[in-house]
Amino acid sequence: MPRYVALLRGVNVGGKRTVPMSELRRLFESLGHSDVSTFIQSGNVLFASRTQVAPADLETAMADRFAIVIPVVLRTHRELEAVLGRNPFGHVNASKLHVGFMAAKPSAAAVAGIDAASFHPDRLATRDREVYLHLPNGMGRSKLPAHLERQLKIPVTFRNWNTVTKLCELSGS
């Protein structure tokens with residue numbers, strides 16, 4: 001049975017869009033998913049499903065239950081393994097590395113339109129449906145993540161490298 005990780009965008013950040021993880025787990029179970037667990041409070045749901053899972057179905061169920069629109073990006077365990085394997089910044093301090101999970105692969109024109117040099121010393125690299133960010137001064141000080149979503153016109157949810165590594169580990173067990 002396939003294992004998934006649902007990456008929820010913008011929940012429980014700064015006291016806004018609060019979603020209790022226990023209620024989120026119950027919601028996923030009520031949708032027929034099994035082995036449901038959450039990792040940290042920022043909206044990472046691990047689960048197994050016998051049926052094909054669509055992000056839109058999860059978004060609708062959460063909007064009905066929590067009365068807020070929560071964009072969802074899904075990845076399987078194998079996809080997370082590939083994300084770890086494609087890291088273009090393997091030599092940097094992992095605490096300065098983040099991955100943006102996009103809902104779809106961006107167009108080549110949208111990627112080409114990113115003026116990465118104007119965000120120096122921050123660096124980025126896109127790989128399929130992920131954008132890798134090396135942010136030497138940290139996520140909180142960088143203007144690059146917000147720029148990316150505007151430029152790519154695709155929902156993106158970011159996770160730090162340690163979280164991505166742990167989600168891959170947990171989704172494989």
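Some observations on this one:
- Hey, THR163 in contact (Cβ under 8 Å) with a residue 24 or more places away in the chain, polar (S, T, N, Q), in contact with a Lys or Arg (Cβ under 9 Å, 6 or more places away or on another chain) and surrounded by 14 or more Cβ atoms within 10 Å (Cβ to Cβ) or not: no
- Conditions (1) at pLDDT 95 or above; (2) part of a loop (DSSP other than H, G, I, E, B); (3) within 18 Å of the chain's Cα centre (by Cα); number of the one not met by ILE70: (1)
- Residue in segment 145-155 that is buried (at least 17 other Cβ atoms within 10 Å of the Cβ), more than 23 Å from VAL5 (Cα to Cα) and modelled with pLDDT under 95 present: yes
- Residue match in segment 21-43 (condition: in contact with a His (Cβ under 8 Å, 6 or more places away or on another chain) and either at pLDDT below 95 or not assigned by TED's automatic domain parsing to the domain that holds THR163 (or both)): no
- Residue tally, condition part of a loop (DSSP other than H, G, I, E, B) and buried (at least 19 other Cβ atoms within 10 Å of the Cβ), over segment 43-52: 1
- Applying the criterion of being of a type in the set (D, E, K, R) and more than 23 Å from LEU8 (Cβ to Cβ) to the residues of segment 101-142, the residue that is surrounded by the fewest Cβ atoms within 10 Å (Cβ to Cβ) is ASP115.
- Qualifying strands (runs of 3 or more DSSP E) (wholly inside segment 92-173; at least 2 residues being basic (Lys, Arg) and within 26 Å of THR38 (Cβ to Cβ)): none
- Pick from segment 73-91, criterion of a type in the set (A, V, I, L, M, F, W, C) and part of a helix (DSSP H, G or I), ranking: farthest from PHE158 (Cα to Cα): ALA82
- Residue match in segment 28-41 (condition: out of contact with any Gly (no Cβ under 7 Å at 6 or more places or on another chain), part of a helix (DSSP H, G or I) and within 21 Å of LEU170 (Cβ to Cβ)): yes
The values are calculated or read from the model by the stated rules, or taken from the named source; none is laboratory data. Computed from a prediction, not measured in an experiment: that's the story for all the values here. A quick note on method: Cβ atoms are made from the backbone with ideal geometry, for glycine too, and the neighbour counts reach across all protein chains shown.
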